[in-house]
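Here the structure comes first, spelled out in structure tokens, and everything after it is commentary.
Any read-out appearing in this document is the output of simple, stated calculations on the displayed coordinates, not a laboratory observation. These numbers were taken from a predicted model, which means no experiment stands behind them. Note: ideal-geometry Cβ built from the backbone for every residue, glycine included; neighbour counts use all protein chains shown.
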Amino acid sequence: MTTTMTNGHGSDGDTSEHTYWREHTTISLQPLAAPSILGLYGFAAATFIVAANLAGWYGDATTTPLILFPFALAFGGIAQFLAGMWAYRARDGLATAMHGAWGSFWIAYGIYHLLVALAVLPGPVNDPVAAASFGFWFVALAAITLVGAVAATAENLGLASVLATLAAGAALLAIGLIGGLSLVETIGAYVLIVSAILAWYVASAMMLESTFKRVVLPVGKRGAPQKPGATPRHPIQYEAGEPGVKIGQ
């Protein structure tokens, strides 16, 4: 959809540069599906299956991760990382950072466990040095995700809850792996399961809203109607920003 506004230099002699360019701007809208639907589903699926194994719900600590890592690499890693790059296209800095960071983690997780399977590198289960080194991955991720959780409170409480529990789970895993505390690691796994379930809920809410064109599952979005059945707002452009650009998802 393209619209051209050519109404002159404005009314009442207003010839400011701002007014001039607003009235001589071509607006081109490029619809974009919400990338976080894919990103959150990828994160939720990969995190749930791995965290459930860490919590002891199924499998073992040595063979099972080698079976899980291809799925985690593809869905939690590649798909989520792509969602982060599409979020960049949607001008969503928060989603770009979170999906980019965690998508990169799951790609690295897959590569690491591939090397473990090939006996190139030691696994974190049987090698304390490898476990501590792996734990520092989660130190960095917890710090980044915590900032993301704070940022998310400004726009979406559902997403903020996903990131807050994710930061907490990552921090607990870091403590458990670095300190060799299996109980703390197990608690961290349970917190990550909660984060995965919340991510599934938020992604489902976004997908249902995009298909039904109304709010079905509320997520606590700031500045928008969240009552089930309400019509969501669709901001097109800022009053004094990039014409034709819809910011966010």
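Exposure proxy for V162, V191: other Cβ atoms within 10 Å of each Cβ, ordered fewest to most, give V191, V162.
Where in the stretch 91-127 does the amide nitrogen come within less than 18 Å of the point 7 Å from the Cα of T62, taken along Cα to Cβ? Residues 113-127 qualify, since their backbone N sits under 18 Å from the label point. The three principal axes of the Cα atoms in the stretch 62-135 give end-to-end lengths of 43, 22, 17 Å, sorted in falling order. Extents of the stretch 35-212, largest first, come to 48, 27, 26 Å (Cα atoms, principal axes, whole angstrom).
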